[in-house]
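First the structure, which I've put down as structure tokens, then a few questions once you've had a look.
The values are calculated or read from the model by the stated rules, or taken from the named source; none is laboratory data. Note that this is a predicted model, so its numbers are computed, not measured. Please note: Cβ atoms are built from the backbone with ideal geometry, for glycine as well, and neighbour counts cover all protein chains shown.
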Amino acid sequence: MPRRPHLTLGAILLATALAGCGFGAVDVDPHEPEPGSADVCAALHDALPDTVDDAVRRDVEPSSEYVAAWGQPAIVLRCGVPIPASYRPDAQLFAIDGVGWLPDEGDGGLFFTAVDREVLVEVAVPDDYAPEANVLADLATAILDTVPERELR
């Protein structure tokens, strides 16, 4: 299975320096959403919670309506991603609070992609946040409210 370098780069490698009492911005790889997904991603960005699994939301650098981050090491969400190479129509998904997630291993954690949505949402969850279901459950309401469901193919 191919490795996904942005978990290490965006979420772990730059576990940014402390800025005063809080964490600074998380450096992430620039991300442009798939064509036709920008409006949905902007709506999702506005609906995302301030905390997931007790991790506080952080700024991302470069600033983006398509990427969000929480905690240290950072949980990183990207909206409008392409279908993962590992996806198959008969893939085993984790259904958490109404969202179907496809898991993929990465360096230092797991990637989960909501593949049952018209616009795909990926969440990189560092190993520090096991069980990952807590993170995904905290994101479910925002996803259900803003990202239309699609028929799995």
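Can you spot a residue in segment 130-139 that is within 16 Å of Asp50 (Cβ to Cβ) and under 11 Å from the mean Cα position of the chain (by Cα)? Before you say what the answer is, go through the steps one by one.
Step one: list which residues in segment 130-139 are within 16 Å of Asp50 (Cβ to Cβ), which gives 134-135, 137-139.
Retained after the next criterion (residues that are under 11 Å from the mean Cα position of the chain (by Cα)): 135, 139.
Yes, segment 130-139 has at least one match.
Now, a different point. Could you list, in sequence order, the residues of segment 105-138 that are within 17 Å of Gln92 (Cβ to Cβ), of a type in the set (D, E, K, R) and part of a helix (DSSP H, G or I)?
If the condition is that a residue be within 17 Å of Gln92 (Cβ to Cβ), of a type in the set (D, E, K, R) and part of a helix (DSSP H, G or I), then no residue fits.
Ok, one more. If you go through segment 101-109 one residue at a time, do you hit one that is among the aliphatic types (A, V, I, L, M), surrounded by 14 or more Cβ atoms within 10 Å (Cβ to Cβ) and over 11 Å from the mean Cα position of the chain (by Cα)? Give the steps one after another, and end with the answer.
Within segment 101-109, the subset among the aliphatic types (A, V, I, L, M) is 102.
Filter once more, keeping what is surrounded by 14 or more Cβ atoms within 10 Å (Cβ to Cβ): 102.
Okay, now just the ones that are also over 11 Å from the mean Cα position of the chain (by Cα), so 102.
Yes, segment 101-109 contains at least one residue that is among the aliphatic types (A, V, I, L, M), surrounded by 14 or more Cβ atoms within 10 Å (Cβ to Cβ) and over 11 Å from the mean Cα position of the chain (by Cα).
Here's a follow-up. How many residues does segment 65-94 contain that are modelled with pLDDT of 95 or more and not in a loop (DSSP other than H, G, I, E, B)?
9
Here is a follow-up. Look through segment 45-63, keep the residues that are part of a loop (DSSP other than H, G, I, E, B) and under 13 Å from the mean Cα position of the chain (by Cα), and return whichever of them is surrounded by the fewest Cβ atoms within 10 Å (Cβ to Cβ). Full working, then the answer.
Taking segment 45-63 as the starting set, the residues that turn out to be part of a loop (DSSP other than H, G, I, E, B) are 48-50, 53-54, 59, 62-63.
Imposing the further condition that a residue be under 13 Å from the mean Cα position of the chain (by Cα) reduces the set to 48-49.
Values: Leu48: 18, Pro49: 13.
Among those residues, the one meeting the criterion is Pro49.
Cβ-Cβ under 7 Å, sequence separation 6+ or interchain: first residue in segment 28-45 and small (Gly, Ala, Ser), partner surrounded by fewer than 19 Cβ atoms within 10 Å (Cβ to Cβ). Which pairs?
Ala42/Glu65
Checking Ala114 against (1) crowded, with 17+ Cβ neighbours inside 10 Å; (2) out of contact with any strand residue (DSSP E or B) (no Cβ under 6 Å at 6 or more places or on another chain); (3) among the small types (Gly, Ala, Ser), only one condition comes out false. Which one?
Tallying (1) crowded, with 17+ Cβ neighbours inside 10 Å; (2) out of contact with any strand residue (DSSP E or B) (no Cβ under 6 Å at 6 or more places or on another chain); (3) among the small types (Gly, Ala, Ser), Ala114 fails exactly one: (2).
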